[in-house]
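K.L.:
I have a structure here, written as structure tokens, and I will follow up with some questions on it.
The values are calculated or read from the model by the stated rules, or taken from the named source; none is laboratory data. The model shown is predicted, which means the values in this text are computed figures rather than measured ones. Methodologically, a virtual Cβ is constructed for each residue, glycine included, from the backbone with ideal geometry; neighbour enumeration extends over all protein chains shown. When the accessible area is computed, the model is the full protein with side chains, heavy atoms only, and any ligands, DNA or RNA have been set aside. Shrake-Rupley method; radii C 1.70, N 1.55, O 1.52, S 1.80 Å.
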Amino acid sequence: MAIPMQDLSALRQAVIEGDVPASVSAAHTALEKGVQPVDLISQGISPAMAEVGKLFEEGEYFVPELLMAARATKEIFVILRPLLAQAGSKPMAHVVLGTVQGDLHDIGKNLVAAMLEGGGFEVTDLGVDVTPETFIAAVKKRPVQIVGLSALLTTTMPAMKTTIEAFRAAGIQGQIKIMVGGAPVTSKYAESIGADGYSETAAASVDLARRLLEA
Ligand code: B1M
């Protein structure tokens, strides 16, 4: 059931202000009121971080405010992660996720990881600045059905292409589905680099991952 947006306004405000104790307390309150962890992410954290990004672009916020909001988000995930893990029984599939080489942005990627976990997927998050070799090693280590690549910089988008080319060279592209996302990425770009799918938001990445599994 969708939760009215105003029920999460305290949480969104606390994240936007980078107030860690208030964010954690608002998350506990929302969960006690019956808000589902995935709704807390898609209707609380996601719009709050989108607003933080907007404030930064408008010159209202600077790097310290960004980092405080990111920290508030991370602390909420400490509460949510075990709840998201409990929600599903047997994972639907194993997703390896990472921000591509040269790129240190992880807020959006972390939201994608949390939404996928909430949607019943097992996620191995390789973190940021992930080289093609590290992605390949993760895919070879144990069965993986989907690889997710995130990029936030126009200068690191080509690393998505390099990573997909490395999968091809390693002979593993046919074994996995590749999904890409991140603010500068478009479906046209995804198609041009040979990705199997593109998702604009963390919430939409769950449907995309399901579609890729069915394909
Ligand atoms: Co950076 N940065 N940054 N930054 N930063 C941007 C991206 C930028 C647009 C800001 C600007 O100048 N207007 C700009 C890029 C310009 C460009 O490429 N043309 C930029 C720049 C230039 C830089 C530096 C180069 C600045 C410098 O040092 N001179 C530097 C680069 C460092 C590096 O990566 N090597 C840098 C550094 C940083 C911080 C460290 C300060 C911080 C990151 C902190 C962190 O992530 N832990 C930061 C931040 C926070 C931003 C902005 C303000 C916000 C990004 C964000 O977290 N948004 C950003 C401006 C903006 O986007 N408004 C900016 C909220 C987040 C929820 O959205 O990540 O888009 P997003 O994720 C969405 C979707 O895109 C999607 O789902 C998410 C939720 O729905 N999604 C996926 C993301 N990945 C997906 C993967 C999927 C599917 C969906 O499938 C696998």
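K.L.:
In this structure, does LEU83 turn out to be more than 9 Å from the ligand (Cβ to nearest atom) and either more than 19 Å from the chain's Cα centre (by Cα) or in a helix (DSSP H, G or I) (or both)?
P.N.:
yes
K.L.:
Pairs please, first residue from region 170-186 and of a type in the set (Lys, Arg), second anywhere and part of a loop (DSSP other than H, G, I, E, B) and open to solvent by 50 Å² or more (accessible area, probe 1.4 Å), Cβ atoms under 6 Å, 6+ apart in sequence or on different chains.
P.N.:
Between residues of region 170-186 that are of a type in the set (Lys, Arg) and residues that are part of a loop (DSSP other than H, G, I, E, B) and open to solvent by 50 Å² or more (accessible area, probe 1.4 Å), the close pairs are LYS177/ASP196.
K.L.:
Helices (runs of 4 or more DSSP H) wholly in region 126-215 with at least 1 residues that are within 11 Å of the ligand (Cβ to nearest atom) - which ones?
P.N.:
Ranges flagged: 157-169, 187-192, 202-214.
K.L.:
A further question on this structure: Scan region 21-55 residue by residue and report those that are farther than 22 Å from ASP207 by Cα, under 20 Å from the mean Cα position of the chain (by Cα) and surrounded by fewer than 22 Cβ atoms within 10 Å (Cβ to Cβ).
P.N.:
If the condition is that a residue be farther than 22 Å from ASP207 by Cα, under 20 Å from the mean Cα position of the chain (by Cα) and surrounded by fewer than 22 Cβ atoms within 10 Å (Cβ to Cβ), then VAL24, GLU51, GLY53, LYS54 are the ones that fit.
K.L.:
Every residue in region 42-80 that is assigned to a helix (DSSP H, G or I), more than 19 Å from ALA27 (Cα to Cα) and acidic (Asp, Glu), please.
P.N.:
Within region 42-80, GLU57, GLU65 qualify.
K.L.:
Restricting attention to region 114-148, and to residues there that are under 14 Å from MET92 (Cβ atoms) and touching a His at 6+ places or on another chain (Cβ under 9 Å), which single residue is most open to solvent (accessible area, probe 1.4 Å)?
P.N.:
So, considering only residues that are under 14 Å from MET92 (Cβ atoms) and touching a His at 6+ places or on another chain (Cβ under 9 Å), the one most open to solvent (accessible area, probe 1.4 Å) is PRO143.
K.L.:
GLU165 is checked against (1) out of contact with any helix residue (DSSP H, G or I) (no Cβ under 9 Å at 6 or more places or on another chain); (2) farther than 25 Å from ALA70 by Cβ; (3) not aromatic (Phe, Trp, Tyr) and fails just one. What number does that condition carry?
P.N.:
For GLU165, the exception is condition (1).
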